[in-house]
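One structure is given here, and the rest of the page talks about it.
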Amino acid sequence: MNFLRRLALILGLVAVCAGIPAGCGTASNTANPSVPASSSSALLRPGDSLTISLQGIPDASQHNVQIDDQGLINLPFIGNFTASGLMSAELSQRIRQMYIARNFYTTIDVSVTVTERYVYIGGEVSHPGRIVWTPDLTLTKAIQSAGGFTLYAKEARVTLIRERIAYDIDAALAQKKPDQDPRLVPGDSVQVPRSPF
């Protein structure tokens, strides 16, 4: 009976070591996957905050708007219309055309400026939610901005979702090797799973 207990203990230790190579003294030589740059990072998307300036008209004005979940914005006299999926210059031109086509103005200058864009982070971080995107934002910086990992976070398998494709990223490796830390683009979503331990 004592022999069976020892055998079970040894087999259990072997199983644990096989499942967690770093814990058994061997370093992992894997690299994070290469995450392709977004083909649509310049396009406006839901959640983007914009400043729209209407100039060259008697009642020049500036409007701060946010693209809603349906991809729409709302402006005086022309109401709701689609902004998501366009570039800033295209949106400026469409707004100008709408004001002229509806005979509100004969000439108008429109400028659209993106003021804030976001990435989203959820799961086992201290403060899940959206984070303001900056051009130098990486996966590990986003996690730090969200208050860092919780006690139960599975740091070795963070999921980055870009354009509906999921990539598993080892955040611990990314922290040690900055070249393994992918840059985020607006609209990216980061999910930190819960560890079973």
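The values are calculated or read from the model by the stated rules, or taken from the named source; none is laboratory data. Nothing here was measured: the structure is a model prediction, and the numbers come from that model. Here Cβ is always computed from backbone atoms with ideal geometry, including for glycine, and neighbour counts include all displayed protein chains.
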(message) Step by step: first the residues of region 55-66, then only those that are out of contact with any helix residue (DSSP H, G or I) (no Cβ under 9 Å at 6 or more places or on another chain) and either in a loop (DSSP other than H, G, I, E, B) or in contact (Cβ under 8 Å) with a residue 24 or more places away in the chain (or both), then the one that is nearest to LEU43 (Cα to Cα). Which residue is that?
(response) ASN64
(message) Please determine whether any residue of region 141-154 is of a type in the set (Phe, Trp, Tyr), outside the structural domain of ASN64 (by TED's automatic domain parsing) and surrounded by fewer than 20 Cβ atoms within 10 Å (Cβ to Cβ).
(response) yes
(request) Specify the residue that is nearest to the chain's Cα centre (by Cα); the eligible residues are those in region 52-92 that are of a type in the set (S, T, N, Q) and more than 24 Å from SER38 (Cα to Cα). (result) ASN64
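Each row is one residue, and each column tells you yes or no for (1) closer than 22 Å to VAL132 by Cα; (2) modelled with pLDDT of 90 or more; (3) of a type in the set (Gly, Ala, Ser).
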site: MET1; (1), (2), (3): no, no, no
site: LEU13; (1), (2), (3): no, no, no
site: PRO36; (1), (2), (3): yes, no, no
site: SER39; (1), (2), (3): yes, no, yes
site: LEU54; (1), (2), (3): no, yes, no
site: GLY71; (1), (2), (3): yes, yes, yes
site: LEU86; (1), (2), (3): yes, yes, no
(request) Answer yes or no as to whether LEU151 is in a loop (DSSP other than H, G, I, E, B) and aliphatic (A, V, I, L, M). (result) yes
(request) Test VAL190 against the stated conditions and say whether it is touching a residue at least 12 places away in the same chain (Cβ under 8 Å) and touching a Leu at 6+ places or on another chain (Cβ under 6 Å). (result) yes
(message) Just the residues that are over 12 Å from THR159 (Cβ atoms) and either surrounded by 21 or more Cβ atoms within 10 Å (Cβ to Cβ) or in contact with a His (Cβ under 9 Å, 6 or more places away or on another chain) (or both), please, taken from region 187-197.
(response) GLY187
(message) Criterion first (surrounded by 14 or more Cβ atoms within 10 Å (Cβ to Cβ) and more than 22 Å from GLY71 (Cβ to Cβ)) does ALA171 satisfy it?
(response) yes
(request) Inspect all residues belonging to region 155-163 and state whether any of them is in contact with a strand residue (DSSP E or B) (Cβ under 8 Å, 6 or more places away or on another chain) and part of a helix (DSSP H, G or I). (result) yes
